[in-house]
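In what follows, a single structure is set out as structure tokens and then discussed.
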Amino acid sequence: MYEKHFGLRRKPFSSHPEPDMLFWSDGHKMARTMLAYGLTSGFGTVVITGEIGAGKTTLLQDLARRHRDQNRYGALTGDIGYENDVANWLLYGFGIESKATSASQSLLQLDKFLAQNRNQGRKAVLFIDEAQLIEPKLLERVRVMAERQSGGQPVMQLVLFGQPELGSILNMPQLAQFRQRVVAHYHLRGFNRAESGDYVSSRVAAAGAQPELFSVEAIDRIHDAAKGIPRQINILADTSLVYAFAADESVISDATVQRVLKDREQHGILKTDQPASFQ
Ligand SMILES: Nc1ncnc2c1ncn2[C@@H]1O[C@H](COP(=O)(O)OP(=O)(O)OP(=O)(O)O)[C@@H](O)[C@H]1O
Ligand SMILES: [Mg+2]
């Protein structure tokens, strides 16, 4: 719609994860380092929590495809679970179609899969997104599965990504054993002001326009309103482009962003959420 007006090849701000556009904020780098540390430490679970829209899924998708080493990687989301057949759910995460007709058959198949990996000198690493949606009881069963051994060693490592409540869930008394297996944890927050500026400029440049398309004051305003959360930045920046296009403006000014915020405040359903741990 507004692309031609601003000399853009495509829309610069989307609301879905785009690992190709990953901007390496300090937080994203730190999360990557914690994951690398957790994976090299051998076994145990890595937990990445983060504010809603902070970029967890984007990071997960980047990491899951970046790992091209000898290990076997799989991915699942916590909104789909096989309450009665956890082994089958885990196999599904590794892209294995199970022919098992009972939970015990699935377990045998999982053990075979893990043993095969071990014999080939690799471990199985499973990324689970939206892990805050997994029932604590099911989480505990997943842990037990991950600790199944082959040749006297555990052969599967879990990497959980989830919204802040995942931290509260893992602190529940019934998950004490799970908690003790967490070898690395990092909490992803919103960007700081400098990062928000670089983030907006990099997206605008990647879409083919001058990075100065947004004035410094406009970025200040977007950063403050979005609390540095990338999804909120994207929504505000995208809407500001629409408003500026409608007003035939060539640069996004603070006044434009203020108009967007005022309209959202008065009539919008998309209020800017307040992340709990914004600093
Ligand atoms: N580091 C980043 N680089 C580029 N884009 C990002 C980054 N972080 C987030 N985004 C963008 O912000 C939006 C939200 O990202 P994402 O879906 O990964 O967040 P999330 O933390 O998984 O959110 P939720 O809590 O709702 O699952 C997406 O449009 C994504 O492209
Ligand atoms: Mg997500």
If you add up the charges near residue 170, with Lys and Arg at +1 and Asp and Glu at -1, over every other residue whose beta carbon is less than 12 angstrom from its beta carbon, what do you get?
+1
Angle between the chain longest axis and helix 230-246 axis [Cα atoms, degrees, rounded to 10]:
30 degrees
Which of 169, 222 has the fewest other C-beta atoms within 10 Å, and how do the rest follow up to the most?
169, 222
Of 133, 226, 42, whose Cα points farthest to the positive end of the dipole of the chain (charges on the beta-carbon: +1 Lys, Arg; -1 Asp, Glu; origin at the Cα centre)?
42
Nearest 10 degrees is fine. How inclined is helix 193-206 to the longest principal axis of the chain, computing both from alpha carbons?
90 degrees
Dividing the Cα convex hull volume of region 113-210 by residue count, how many Å³ per residue is that?
157 Å³
Determine the principal axes of the Cα atoms in region 26-188, then give the extent along each, sorted from largest to smallest and rounded to whole angstroms.
42, 32, 26
Give me the percent relative contact order of the chain, please, defined on Cα pairs under 8 angstrom at least 6 residues apart.
26 percent
Inter-site label distance for residue 66 and residue 242 at 7 Å from Cα along Cβ, in nm:
3.3 nm
For the chain, set up a GNM with springs between Cα atoms under 10 Å and report which of 99, 123, 11 has the largest fluctuation.
99
Using eta = 0.692 mPa s and T = 37 °C, Stokes-Einstein with Kirkwood Rh from Cα pairs puts D for region 192-267, in µm² s⁻¹, at 271 µm²/s
Highest mean first, what order results for 174-185, 126-137, 51-62 on Cβ atoms within 10 Å?
51-62, 126-137, 174-185
Inter-label distance for residue 37 and residue 265, nm, one decimal - labels placed 7 Å from Cα along Cα-to-Cβ:
4.1 nm
For an R0 of 30 angstrom, estimate the FRET efficiency from the Cβ-Cβ distance between residue 153 and residue 176 and round to the nearest 0.05.
0.80
So how compact is the chain: Cα radius of gyration and Dmax in angstrom?
21.8, 69
Average Cα contact separation per residue, region 12-148, under 8 Å, 6 or more apart, as relative contact order %
24 percent
Project the alpha carbons of region 55-109 onto their principal axes and report the range along each, largest first, in whole Å.
36, 27, 12
For the chain, how many pairs of lysine residues have a Cα-Cα distance under 26 Å, where the two are 8 or more positions apart or belong to different chains?
21
Using the Karplus equation 6.51 cos²θ - 1.76 cosθ + 1.60 (θ = phi - 60°), what ³J(HN,Hα) coupling, rounded to whole Hz, does each residue of region 254-260 give in order, writing x for Gly and Pro?
4, 4, 5, 5, 4, 5, 4
With +1 at each Lys and Arg Cβ and -1 at each Asp and Glu Cβ, the charge dipole magnitude of the chain around its Cα centre, to the nearest 20 debye, comes out at 1020 debye
Using the Kirkwood formula on the Cα atoms of region 135-179, what hydrodynamic radius do you get, in angstrom to one decimal?
11.4 Å
Under a crude label model (7 Å from the Cα following the beta-carbon direction), how far is residue 210 from residue 119 in nanometres?
6.5 nm
May I ask you to give the average projected area over all directions of the convex hull of the Cα atoms of region 1-108, in nm² rounded to one decimal?
10.3 nm²
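None of the figures in this text is laboratory data; all of them are computed from the coordinates on show. No experiment lies behind these values; they were computed from the predicted model shown. Note that we place each Cβ from the backbone using ideal geometry, even for glycine, and neighbour counts take in every protein chain shown.
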